[in-house]
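The values are calculated or read from the model by the stated rules, or taken from the named source; none is laboratory data. What you see is a predicted model; the values in this text were computed from it and never measured. All Cβ positions, glycine included, derive from the backbone under ideal geometry; neighbour counts span all protein chains shown. Calculation scope for accessible area: heavy atoms of the full protein, side chains included, ligands and nucleic acids excluded. Shrake-Rupley method; radii C 1.70, N 1.55, O 1.52, S 1.80 Å.
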Amino acid sequence: MFASGEHARGCGVVEGGPEVSVATLICRGYTLTIIGISLVSMINSMLSLLVLGFLFVNYKDRIHGIDYWIYSQIISICGFMVSLLRLVIPSEIAIVVSNTLHFCAFMFLWEGLARYLGVKFNHRFNVILISLGVASLFFFTLNQPNLQARTLVLHAVLFVLSMRMMVTFNKAAHAITQRASLIMSLALSFYALVSFYNMGAALFAPIPQNYLEGNGYTIIGHAGLAILVVLLTFAEVLLVSDKLLHKVIASEQKLNLVFDHSPTPLIVTHFGDGRIYNANASLLKMFGYTLDEVIGKTTMDLNMWADAQRRDDLLREIAQKRRIDDFEVILRTKNGTQRICRLSALVIKLLDEKDPEDYLLVNVTDITQDVNTREDLKHLATHDHLTGLANRTLFYDRFDSDKARANRHQHQLAVIALDLNRLKTINDTYGHPVGDMALVHLANQISSVLRKSDTFARFGGDEFCILLDEIESTSDVESVVKKILDRVSEPMIHHETPVSISVSMGIALYPQDAETADELIQRADMALYTVKRERQSAYAYFRRPQ
């Protein structure tokens, strides 16, 4: 590979006859062997180039330095080609160019390792050493041809560079696995060993005067260099695979770190049987479990579902869509507390390609407070803030739905307009806080005798309105009215003093008196006005004017 020589007499023949001498046959055998080894080295280099090219195309954005290894291989191939063309081009040019190219290939190999490791090597000494080596090659090739000196200079420079690279690499390769670091160190050591061997062969063994001639010593040197190409490529591929593995492990560790420390509660289950594979700290804290308590169990085993049917609905939808978003459920904590949660889930595969099983990654969001706040706001928007009764808005909504049901089942509705009598007197006598207490007391008393399907609303001040559902006849209304009167006849106790409370009521019926809520309320108010004016009864029905 790096042998240097000059054109000379070549392999001779016996003068005076066609017979070929044994020495000539041996010489030709050496020549063919050297050519074969050189071709094998070139083929190895080209194969190495293909392997590195594949690695570069696939991993150039993740691993640096592969492009410089490719440049090194290309330059080495060019050096081989120039060496093999020594019988075609001037020997002096071939010697200087080929050996200079090998120096350059070594420098690109060095820089590739530096970029791979993410460090910056100081090349000043290398540049000076190579410059001296190239100058010596020119001198011992053009000015004072000396094959032995040229060979010694070439391999001495390569020996120093390879040893220095090995030491530098071992210092900087602390992040690489022991195997990858060892193989590259062995490759660089072998590089130095081959160079050292060639130096010894140049000093103590006969050097052939022609590149294509040779002997056993030079063949060993060429074979060592051919093996070196394979060993270096294997080391480079191993370094790439090591870096990829390191990145995969680092990515997995980052994912685990993100998973474990995510403020969002996360849980991973086996999609097939629902067994819990992993859960992060946020989820464990939310539900009060430890990791050992949940691993290998299902959420059904842990009694987490307040409604098992919702779990079946969730799994059915995920099986169809492979994911689900914002699925609202009620889940139980370890101590039995119920939480309203929103689940988002995605079917995933783990990084392990040997594991074909599907897993379910579930994001759990506790929306209990949000739902309660939403319900509170909804309640405030539809209920009276003092008594907790329905307000006018909710009353109208209930009327529409009750009206539709009454039409469907041929029932009647009754609207009762109700006033608390003597509220002004109570306010003047006991103060407005007691007046408010009287309103609350009245609301509680009347609510206790109404059905759940009835609607009791406060429109403001002492004005109340009751909507009775599913009325068959006026006797049903009479029954409710009597219960109200009996219940409100019980006085309210304020500081151990009874405060008498009474009410007046006006009644309008649907559909005979009116068909809209406004008309029924108006007619019930007219009946109530009649009660207050005549004071003959506590209630009255609407009567159309004669």
Near pairs, Cβ below 7 angstrom, 6+ apart or cross-chain, from region 404-428 (in a helix (DSSP H, G or I)) to any residue that is not hydrophobic (A, V, I, L, M, F, W, C) = A406/Q412; A406/Y510; L423/G435; L423/D462; I426/G435; N427/G435
The residue that is nearest to the chain's Cα centre (by Cα), considering only those in region 316-334 that are farther than 20 Å from V371 by Cβ and open to solvent by 70 Å² or more (accessible area, probe 1.4 Å), is R323
Those residues that are of a type in the set (A, V, I, L, M), in a strand (DSSP E or B) and open to solvent by less than 60 Å² (accessible area, probe 1.4 Å), I need them from region 490-532; list them, please.
-> M492, V499, V503, M505, I507, A508, L509
Select from region 368-404 the residues that are surrounded by 14 or more Cβ atoms within 10 Å (Cβ to Cβ) and of a type in the set (K, R) and list them in ascending order.
-> R392, R398, K403
For region 280-317, the count of residues that are in a helix (DSSP H, G or I) and of a type in the set (G, A, S) equals 3
Any chance region 402-414 includes a residue that's more than 27 Å from E515 (Cα to Cα), out of contact with any strand residue (DSSP E or B) (no Cβ under 6 Å at 6 or more places or on another chain) and among the hydrophobic types (A, V, I, L, M, F, W, C)?
-> no
Exception for H432 within (1) over 59 Å from the mean Cα position of the chain (by Cα); (2) open to solvent by less than 40 Å² (accessible area, probe 1.4 Å) falls at (2)
Residues located in region 444-455, provided they are under 22 Å from K532 (Cβ atoms) and surrounded by fewer than 20 Cβ atoms within 10 Å (Cβ to Cβ) | Q445
In region 259-279, is there at least one residue being surrounded by 15 or more Cβ atoms within 10 Å (Cβ to Cβ), more than 16 Å from L350 (Cβ to Cβ) and touching a His at 6+ places or on another chain (Cβ under 8 Å)?
-> no
Can you tell me which of E519, E496 is over 23 Å from L386 (Cβ atoms) and at pLDDT below 90?
-> E496
Sole exception among (1) assigned to a helix (DSSP H, G or I); (2) touching a Leu at 6+ places or on another chain (Cβ under 7 Å) for Q320, by number | (2)
Read through the list (1) within 14 Å of L361 (Cα to Cα); (2) of a type in the set (A, V, I, L, M, F, W, C); (3) exposed (fewer than 13 other Cβ atoms within 10 Å of the Cβ), then give the number of the only condition that M300 fails.
-> (1)
Consider only pairs whose beta carbons are under 7 Å apart and that are at least six residues apart or on different chains; among these, list those whose first residue lies in region 508-521 and is touching a residue at least 40 places away in the same chain (Cβ under 8 Å) and of a type in the set (S, T, Y) and whose second residue is part of a helix (DSSP H, G or I) and surrounded by 12 or more Cβ atoms within 10 Å (Cβ to Cβ).
-> Y510/K403; Y510/A406; Y510/L520
